[in-house]
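Chemist: Have a look at the structure that comes next, please.
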Amino acid sequence: MDKYFNLEYRGEGNCAMVFADPQTRQVYRLVKSNATRKVKKLLRASVTNHDEELSHKINMFVRKELEKVISYMNNIMKPLLSSRYVVTPNLKILHKKFGEQAVLLAGEARPAHRKNSPADNVDPDVQCALVLPDCCFVCNSDLNESSAVSSFGNSMHLNSPICQEDLRRSNSCCSADSQESSPIAEHLDDSLDANSSAGDEVDEVDSYSFSSAFYLGNERMEDSSLHICELRDIRDVQDVSEVRSCLDTTNSMAGSVKSDGEPVFTLSIEIKPKKSFMTKSSSDDFNQVCRFCMHQHLKTKSGQWPQTSSYCPLDLFSGNKHRMKHALWSLIKTPQNNLKICKNGKEVYGSEIRQNLSAILSTWFPSNPNRTKKLISVFLDLVIEVLLTRPSTDQNSDPCPAKPGTPVRSFCSQKCDSSSFVYCEDEKSEELPQGCVLEKIYSLQSLDDLDIEGVYPLYKQLKTRMEKEPWLINHWCLNGPYDDVSWLLGRDGEHLSDLDPDSLDYAVLKVKRFLVSKTLQDCSIIAAIQPVTKSSIQHKQDFLRFDGDLYNFSVKVIDLDPKPFEKVETYYRQASDIAKTFAETSSAFTKDCDSF
Ligand SMILES: O=P(O)(O)O[C@@H]1[C@@H](OP(=O)(O)O)[C@H](OP(=O)(O)O)[C@H](O)[C@H](OP(=O)(O)O)[C@H]1OP(=O)(O)O
Ligand SMILES: Nc1ncnc2c1ncn2[C@@H]1O[C@H](COP(=O)(O)OP(=O)(O)OP(=O)(O)O)[C@@H](O)[C@H]1O
């Protein structure tokens, strides 16, 4: 048990509480009672007050569910999203007391809004968990992490040179140039600085103090910062000296890599982006406001958050760097559960923790005398480059039209009326680069073109049929097993377009696509970034050259659990609640930007 005391509380959602092991750079995703409550109730009714029998049954059930999550991630999500962005989970049997210890370990670190109900805690009866690579550190792409992951207590680290060498990462190198000077951006950083002095350990950022600057307009980058220089793939570079020469080029530029003695740490930025587009529907009165922005009204009304978020997903997914930057500033202003920034895995900025980002960045960035912009602004530009980075070769994610799960809509940037982004007359419409993480998420979210309003009748049709023939849920594999991507094909391997739209098989595929889309509407992206040092260059990792400096980075998508078929019912009710509250509040609703 002693080894578990090394674990650190990392975060939690509705169904899982996550602990990190700093030694192995793995995380333990423990199951919460929220996820087991219903099944426990059912099982209790079926066992005759034998605690042991109940506990055994619960564990068998949870184990099966976690195995399903693993097969969903490996067999459905990896091929669709690309193995580059999906880590390999493993199932781990835990010591009996692990759950209890975890609850104690979490202690004060847990956010207040998660501590309201006893069910919102780790289920102490569950003795298994998913173990995953810690994505807050730069970690491997599409390679077999499992050997490293399954070695709890073993000294092999995912980031250790030996491990990296063995696993032979895929690498890419791209350059970006960013010399931006914007009075608004400076004002923003100044406002942040005004609330915090460099070096303070914990420095609260008062978001209200910079909100007025925030809404004076959109921060705009000068054109020179908008082009990304050519992507260069160093996957093919056999000789480290070639990579070093890349470093030398960097050194000869304005910026430089950190020298080996300088402090180097990893910053990670976790974004829960939510739904990236609006589904147009003739009966929808609010089709110019996206789901996230509409939902905000219900969330504030119900007291989940004290104020509506400034963030709009459609800005982040627009591919337009001005809008993306606006989205990131909005997340800084109102992080809710959509933004979390960690320093070596420890949260430094999020819904409840607001350390001084400028101070942290001042020791993180390689010193660069030519840097003119404020550091948070530079960091956000760097994050944009990372989010838009396109893998030069993407073995598992060819956009083959015959592939199961091919999206039904192509990329189309939309505007949400609720966003405070102010458009310029000459605002260019942009595209997300094919294969970048945002494009992947957008594509898979687009597997659903009906939204709940259109899917619900199909769900009802299946439900009615299943009432007569309950075995059909397994026959149609609506809740798995998820053996391979043919799960998203008809029973005889048909694609959606081959099926009769009035057939039950068609309804099955449409509902499955909707469920995949819902998973992607609820996932989070973790980008881990670390400035390169002269010695770390020998590690085979992804590189980005930005503003004259070199960084190692990885981008991973987490929380890719399958959504159960039965949840369609909840989605239907929720959609109606969201629309109702939005209708009630929208008369009083003015765009944030109007008030400035
Ligand atoms: O319905 P949404 O959009 O509110 O999403 C739920 C999330 O709320 P959010 O709006 O992101 O704060 C919610 O997130 P929180 O627990 O509130 O952080 C969960 O992710 C929930 O999924 P699950 O029940 O854990 O499988 C999510 O439910 P799903 O809709 O993804 O099933
Ligand atoms: N592989 C990972 N590496 C680093 N941090 C992680 C990892 N997996 C989860 N986390 C952290 O733990 C938090 C909770 O994990 P996760 O989102 O999987 O829980 P959840 O209960 O499924 O969430 P939700 O309620 O949003 O569905 C994440 O927001 C993230 O900060």
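The values are calculated or read from the model by the stated rules, or taken from the named source; none is laboratory data. Note that this is a predicted model, so its numbers are computed, not measured. In this analysis, Cβ positions are derived from the backbone assuming ideal geometry, glycine residues included, and neighbour counts consider all displayed protein chains.
Chemist: Take region 540-573 and flag every residue that is polar (S, T, N, Q), over 20 Å from Ala16 (Cα atoms) and either away from ligand 2 (no atom under 15 Å from the Cβ) or without any contact (Cβ under 8 Å) to a residue 12 or more places away in the chain (or both).
Modeler: Across region 540-573, the qualifying residues are Gln541, Asn552.
Chemist: Can you list residue pairs whose Cβ atoms sit under 9 Å apart, with the first residue in region 68-91 being within 16 Å of Val27 (Cα to Cα) and the second being part of a strand (DSSP E or B) and more than 15 Å from ligand 2 (Cβ to nearest atom)? Count only pairs 6 or more apart in sequence or on different chains.
Modeler: Leu91/Cys128
Chemist: Taking the condition more than 13 Å from ligand 1 (Cβ to nearest atom), in a loop (DSSP other than H, G, I, E, B) and surrounded by fewer than 23 Cβ atoms within 10 Å (Cβ to Cβ), does Asp505 pass?
Modeler: no
Chemist: Among what's in region 306-351 and is over 19 Å from Ser377 (Cα atoms) and assigned to a strand (DSSP E or B), pick the residue that is nearest to ligand 1 (Cβ to nearest atom).
Modeler: Ranking the candidates gives Glu347 first.
Chemist: Restricting the first residue to region 473-502 and requiring it to be in a helix (DSSP H, G or I), which pairs with a second residue that is surrounded by fewer than 16 Cβ atoms within 10 Å (Cβ to Cβ) and among the aliphatic types (A, V, I, L, M) meet a Cβ separation below 8 Å and a spacing of at least six or different chains?
Modeler: Every condition considered, the pairs that remain are Leu496/Val408.
For every residue, the table says whether it meets (1) farther than 22 Å from Asp522 by Cα; (2) surrounded by fewer than 14 Cβ atoms within 10 Å (Cβ to Cβ); (3) modelled with pLDDT of 95 or more.
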position: Glu425; (1), (2), (3): yes, yes, no
position: Leu438; (1), (2), (3): no, no, yes
position: Ile441; (1), (2), (3): no, no, yes
position: Gly454; (1), (2), (3): no, no, yes
position: Met466; (1), (2), (3): yes, no, yes
position: Asn474; (1), (2), (3): yes, yes, yes
position: Asn479; (1), (2), (3): no, no, yes
position: Val485; (1), (2), (3): no, no, no
position: Gly490; (1), (2), (3): yes, no, no
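Chemist: Okay, next question. Taking region 17-49 on its own, how many of its residues are hydroxyl-bearing (Ser, Thr, Tyr) and either without any contact (Cβ under 8 Å) to a residue 12 or more places away in the chain or away from ligand 1 (no atom under 16 Å from the Cβ) (or both)?
Modeler: Of the residues in region 17-49, 4 are hydroxyl-bearing (Ser, Thr, Tyr) and either without any contact (Cβ under 8 Å) to a residue 12 or more places away in the chain or away from ligand 1 (no atom under 16 Å from the Cβ) (or both).
Chemist: Of everything in region 91-119, what is out of contact with any Asp or Glu (no Cβ under 8 Å at 6 or more places or on another chain) and not in a helix (DSSP H, G or I)? Give them in sequence order.
Modeler: Correct list: Lys92, Ile93, Leu94, His95, Lys96, Lys97, Lys115, Asn116, Ser117, Pro118, Ala119.
Chemist: Can you name the strands (runs of 3 or more DSSP E) wholly within region 515-596 that have at least 3 residues being crowded, with 22+ Cβ neighbours inside 10 Å and at pLDDT below 95?
Modeler: Counting at least 3 such residues, we get 542-546, 549-558.
Chemist: So which of Ser413, Ser392 is modelled with pLDDT under 95, within 22 Å of Cys523 (Cα to Cα), assigned to a loop (DSSP other than H, G, I, E, B) and hydroxyl-bearing (Ser, Thr, Tyr)?
Modeler: After applying the criteria, what remains is Ser413.
Chemist: Then there is this: Of all residues in region 508-522, which are within 9 Å of ligand 1 (Cβ to nearest atom) and closer than 26 Å to Thr389 by Cβ?
Modeler: Thr519, Gln521, Asp522
Chemist: Within region 523-530, can one find any residue that is of a type in the set (Ser, Thr, Tyr), within 30 Å of Ile360 (Cβ to Cβ) and within 16 Å of ligand 1 (Cβ to nearest atom)?
Modeler: Looking through region 523-530, at least one residue is of a type in the set (Ser, Thr, Tyr), within 30 Å of Ile360 (Cβ to Cβ) and within 16 Å of ligand 1 (Cβ to nearest atom).
Chemist: Quick check: anything in region 432-449 hydrophobic (A, V, I, L, M, F, W, C) and more than 27 Å from Glu270 (Cα to Cα)?
Modeler: No: region 432-449 contains no residue that is hydrophobic (A, V, I, L, M, F, W, C) and more than 27 Å from Glu270 (Cα to Cα).
Chemist: Considering region 523-539 alone, what residues qualify as being under 22 Å from the mean Cα position of the chain (by Cα) and more than 11 Å from ligand 2 (Cβ to nearest atom)?
Modeler: Within region 523-539, Ala527, Ile529, Gln530, Pro531 meet the criteria.
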